[in-house]
1. Filter the stretch 322-362 for residues that are polar (S, T, N, Q) and not in a strand (DSSP E or B); which is farthest from the chain's Cα centre (by Cα)?
2. Mind listing just one residue for me: the one in the stretch 66-122 that is among the β-branched types (Val, Ile, Thr) and at pLDDT below 85 and, of those, nearest to residue 20 (Cα to Cα)?
3. Here is a check on your reading of the model: is residue 312 out of contact with any Asp or Glu (no Cβ under 9 Å at 6 or more places or on another chain) and in a helix (DSSP H, G or I)?
4. Of all helices (runs of 4 or more DSSP H) completely enclosed by the stretch 1-109, which ones contain at least 1 residues that are outside the structural domain of residue 215 (by TED's automatic domain parsing) and farther than 21 Å from residue 123 by Cα?
5. Could you pull out the residue among 253, 260 that is polar (S, T, N, Q), without any contact (Cβ under 8 Å) to a residue 60 or more places away in the chain and surrounded by 13 or more Cβ atoms within 10 Å (Cβ to Cβ)?
6. Kindly check whether there is at least one residue in the stretch 288-309 that is out of contact with any strand residue (DSSP E or B) (no Cβ under 6 Å at 6 or more places or on another chain), acidic (Asp, Glu) and not assigned by TED's automatic domain parsing to the domain that holds residue 127.
7. Specify the residue that is surrounded by the most Cβ atoms within 10 Å (Cβ to Cβ); the eligible residues are those in the stretch 234-250 that are among the aliphatic types (A, V, I, L, M) and under 18 Å from the mean Cα position of the chain (by Cα).
8. Identify all residues within the stretch 75-117 that are buried (at least 19 other Cβ atoms within 10 Å of the Cβ), of a type in the set (Lys, Arg) and free of Cβ contacts under 8 Å to residues at least 60 places away in the same chain; write none if there are none.
Amino acid sequence: MIMPQTEKIRVLIVDDSSFMRMAIRSILFKDPAFDVVATAADGVEGVEKAIALKPDIVTMDVEMPRMDGIAALKEIMAKAPTKVIMVSTLTNEGAKSTFEALDAGAIDYIPKNVTDSNDAQNIFRQELLRKIKDAVKSRYSRPTGVTAPLTRTATAISAAPQRPTTSKFTGKKIQYVGIGASTGGPVALQEVLSRIPVNFPYGIMVGIHMPKAFTGPYADRLNAKCSMTIREAVDGDVLKPGLALIAPGGMHTTLVRQGTHIVVKTQPISNYPQYVYIPSVDLMISSMAEATSGSMLGVILTGMGNDGFKGMQLLKQKGGVTIAQDEATSTIYGMPKACVDGGVADEVLPLGQIGFEISKFM
């Protein structure tokens, strides 16, 4: 009996660089899971081929002639909704364009490495293969409840639909909040933090899987769209009320107690070779649980894999409280699922409710 072949993932490559088109095609050609159905040299051609060929995934360059990647993405979403992964340069401008693309409906992004080093090329190859495969498994639609940006003068919680004020955590005391995310996280985190008011009395630490060049611009973007103060963390920062710090990319972040303060310590990845994801959510939340003696809330949002589970497990052992995003609103139900299946999630909530729940600890 002849077994049916597994359907291949049909990919459209859109990039104005013939070198990048060839490089991406060569990487995918060597993996039997993929079928490159076409390539396009600019956004106009990319939109036309996306509509005609209906690929499973489009890889989209950002900067292109005739029509750039953002405009092409919006056209595709309007005319032939498809999962799109942006291929972005590792620059400040590349980061800004990437976050705009994620807001417009791109499912993920891959940092474009333009160096000739074998290490950089291997990282790009691994990221390309992993992220395309992850995207195919992901939910297509944007999670419900994602809000329009709020002005910095607005009180976020009063600008959103009201929910009952009772909470499963009534009577629980926290002093800090730790949040982890990965795929789908940039949009999800903006939704969560936009619901937290400017006078929130606890410090927030965020770990999200991003390269070094992206975490600073991402923090700036959140700061402009949310009412509380948000910035990229630096070594020696103190967690303070009304402040959310984003763990810097390209390194790990731990939290330690110094007197009455909880202080950020950035760590080279060579110090913690056991952690695959950078920055590691497990390491961040575990160290934070130790430093706070469990007097914190841990939150795990959308993302592939199980990073964050061990940190949440330790937090539960120390008496902390935990929330995981639900499956229906997760782009990738991996990190939250690990916490739910492992029994370390006190509450499982839709994305649109998580910011409200955090705010109830005021």
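The values are calculated or read from the model by the stated rules, or taken from the named source; none is laboratory data. Model, not experiment: these values are computed from the prediction. Neighbour counts run over all protein chains shown; Cβ positions are idealised from the backbone, glycine included.
1. Going through the qualifying residues, I end up with 359.
2. Here the answer is 114.
3. No.
4. 43-53, 69-79, 92-104
5. Answer to the check: 253.
6. yes
7. Per the stated criteria, the residue is 247.
8. 83
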